[in-house]
Amino acid sequence: MSNIRNFSIIAHIDHGKSTIADRLIEHTFTVEKRQMRDQILDSMDIERERGITVKAQTVRLKYKAKDGKDYILNLIDTPGHVDFTYEVSRSLAACEGALLVVDAAQGVEAQTIANAYMAVDQELELVPVLNKIDLPSADPDKVKIEIEEIIGIDAADAILASAKSGLGTEDILEAIIKRIPAPEGSVEEPLKAMIVDSWYDSYLGVIVLIRMVDGQLEAGDKIQFMSNKTERVVDTVGYFLPKPTKTDKLVSGEVGFLTASIKNIREINIGDTITIARRPTVRPFPGFKKVKPVVFCGMYPVESKDYEDLRDALEKLSLNDSSITFEPETSAALGFGFRGGFLGLLHMEIIQERLEREFDLDLVNTAPTVVYRVTKKDGEVVIIDNPAGMPEVGEIELIEEPVIDATVILPEEFVGGIMQLMVARRGMQTNMKYINETRVMLEYKLPLSEVVMDFYDKLKSVSKGYASFDYEFSGYQQGDLVKLDILLNKEKVDALSIIVHKDQAFYKGRDLADKLKEVIHRQMFDIAIQAAVGNKILARTTVKAYRKNVTAKCYGGDISRKRKLLEKQKAGKKRMKNIGNVEVPQEAFMAVLKLG
Ligand code: GTP
């Protein structure tokens, strides 16, 4: 086991984690040159296009070190986005150490800190790597000080690297061997393995990524998942090279996978302990967390005949991502659809995009919302993940909403702007600290619902893109909240209701009515738009009827122009829903996200 090293790479988004992984794979000849392509571990199309890592991936590298010995290095790549924090923490639990990659031009950012703290909590050995030193603006000495002051680890021996040119790759490999401890554990002990991840593979069925701690595992073994005591017979065990490759057995200290004719990934709990029923380990892992969705939205097919297709698509997607939840939902306005639950906004957007792209579905999605806890006057506590389901005002004793602890790192010139933004978003500052002469770290308590509403774009524009942001869930807190309804021609549109703070209801109602006026097209009749809380109308506006029929102009005119116009109408129709006799486009459901 002394020749095994299990490590992860952690970094703020875009600091170069995947590119470093590419260099390590290349240097150890794990993938033949001709098969090598950039960001080889990011396998999903969307990951590649957006340049983000969504699912954690694993690869086993063989490395002949300068000491002449052969080593096995198991790299577990981790997702960089805050939505996937739980995957990062599980990946880290499977390692003895981690490369902490920091962009030498940008310095420590919000997710550098969040991920580094997570690694320190798990008592991992951190190896700081300053990447992108090829950039003219790189300032490794300054960044070393930031790492020491903010994260509190020694950065004197930080490795200088350029994943772009390959500089430092060998130093990283040597540091992994010298500085990260070999795994402990014993082959003689009863089987103890941790489930790090699982996903569905169309050839192999459910693949379970495991970290072996004690004992050994081979095909034919009858294993037990300790959380729910289910038993399975192992079909295959193997490694990722990075393609899944069968082997005879896995032994303590190794990272690999098993398959066991498991049909549904929901049977598998990330963080669970695997053992052998007739000789179980006496020390299972302390437990695992069921990841819970925190952001919800309604998803409705534009054509109601596509409802079953949408269900099939959601089922297929959730085969591979047990963190998605969906339940049938009916909306008076939108008909039959589903309420989807996601780990965060990015996760939600990715799923929406995959539904449209991979399954060719036309959807209307409602605005995202968080989960409220409502205590009714009769003592009943209800969980509300859809504003339309909010009890009547008279029935409500109190409403609680999720709040987060947020960290923002930014150049000092933007502090004023961010503070204003945070106040507008009901944030409470809890800390402020200079991380060097020019950059500041701010900490806030903030309702999660305020982050769900177009927060990232605002943060970006206020800081010209220089602020980084990270958060963790902090708990529930009572809020003075009300449901704001929208009425179109006096009809309440359930799918447009939102929950807002009482003090903001008036101007949010007014702004929302104005925004809806911009996106709802003129029709043959006037459309009255009203915003209301309970029976009280807060704002009203009207989309005036057409004066002229636009298509009339084309009759007798140029035929290709006419076709173009018709095509345009057809394309435009796609993401529209008829509510009563009013055509409402997708943008209307997102208008709420654009409120100040
Ligand atoms: P996520 O997976 O989304 O968290 O990002 P990441 O940390 O894996 O970053 P990635 O490897 O995708 O790199 C981000 C960008 O930085 C890409 O455009 C890379 O080409 C670029 N990059 C990575 N390493 C270097 C480097 O050493 N020098 C320069 N100049 N650019 C680099």
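The values are calculated or read from the model by the stated rules, or taken from the named source; none is laboratory data. This is a predicted model, so every value here is computed, not measured. Cβ sites come from the backbone with ideal geometry, for glycine too, and all protein chains shown count toward neighbours. Ligands, DNA and RNA are excluded from the accessible area calculation, which covers all protein heavy atoms including side chains. Shrake-Rupley method; radii C 1.70, N 1.55, O 1.52, S 1.80 Å.
Quick notes on this structure:
- No other residue among 147, 176 is of a type in the set (A, V, I, L, M) and more than 19 Å from residue 76 (Cβ to Cβ) apart from 147.
- Taking (1) under 23 Å from residue 294 (Cα atoms); (2) in a loop (DSSP other than H, G, I, E, B) in turn, residue 437 satisfies each apart from (1).
- Residues that are farther than 20 Å from residue 8 by Cα and surrounded by 17 or more Cβ atoms within 10 Å (Cβ to Cβ), drawn from segment 255-266: 258, 259, 260, 262, 265
- Output for segment 1-26, where each listed residue is small (Gly, Ala, Ser) and within 9 Å of the ligand (Cβ to nearest atom): 11, 16, 18, 21
- Residues that are within 16 Å of the ligand (Cβ to nearest atom) and open to solvent by less than 70 Å² (accessible area, probe 1.4 Å), drawn from segment 128-145: 128, 129, 130, 131, 132, 133, 135, 138, 139, 140, 143
- Screening residue 119 against (1) buried (at least 21 other Cβ atoms within 10 Å of the Cβ); (2) modelled with pLDDT of 95 or more; (3) within 16 Å of the ligand (Cβ to nearest atom) leaves a single unmet condition, (2).
- Hey, residue 438 surrounded by fewer than 20 Cβ atoms within 10 Å (Cβ to Cβ), within 29 Å of residue 325 (Cα to Cα) and without any contact (Cβ under 8 Å) to a residue 40 or more places away in the chain or not: no
- If you go through segment 302-339 and pick out every residue that is closer than 23 Å to residue 582 by Cβ, among the polar types (S, T, N, Q) and in a strand (DSSP E or B), you end up with 2.
- Residues of segment 230-249 satisfying the condition of being within 17 Å of residue 191 (Cβ to Cβ), open to solvent by less than 60 Å² (accessible area, probe 1.4 Å) and part of a loop (DSSP other than H, G, I, E, B): 234
- Some residue of segment 350-362 being closer than 28 Å to residue 483 by Cβ, touching an Asp or Glu at 6+ places or on another chain (Cβ under 7 Å), assigned to a helix (DSSP H, G or I) and open to solvent by less than 10 Å² (accessible area, probe 1.4 Å): no
Condition check ((1) closer than 18 Å to residue 470 by Cβ; (2) surrounded by fewer than 17 Cβ atoms within 10 Å (Cβ to Cβ); (3) out of contact with any Phe, Trp or Tyr (no Cβ under 8 Å at 6 or more places or on another chain); (4) at pLDDT 70 or above) across all residues:
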{"residue": "2", "(1), (2), (3), (4)": "no, yes, yes, yes"}
{"residue": "5", "(1), (2), (3), (4)": "no, no, no, yes"}
{"residue": "11", "(1), (2), (3), (4)": "yes, no, yes, yes"}
{"residue": "30", "(1), (2), (3), (4)": "no, no, yes, no"}
{"residue": "35", "(1), (2), (3), (4)": "no, yes, yes, no"}
{"residue": "45", "(1), (2), (3), (4)": "no, yes, yes, no"}
{"residue": "60", "(1), (2), (3), (4)": "no, no, no, yes"}
{"residue": "67", "(1), (2), (3), (4)": "no, yes, yes, yes"}
{"residue": "91", "(1), (2), (3), (4)": "yes, no, yes, yes"}
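- Pick from segment 568-592, criterion polar (S, T, N, Q) and farther than 13 Å from residue 300 by Cβ, ranking: modelled with the highest pLDDT: 581
- Between 198, 162, 252, the distinction of being assigned by the TED database to the domain that holds residue 89, touching a residue at least 24 places away in the same chain (Cβ under 8 Å) and surrounded by 21 or more Cβ atoms within 10 Å (Cβ to Cβ) belongs to 162 only.
- Tally of residues being of a type outside the set (S, T, N, Q) and in contact with a helix residue (DSSP H, G or I) (Cβ under 7 Å, 6 or more places away or on another chain) across segment 363-394: 8
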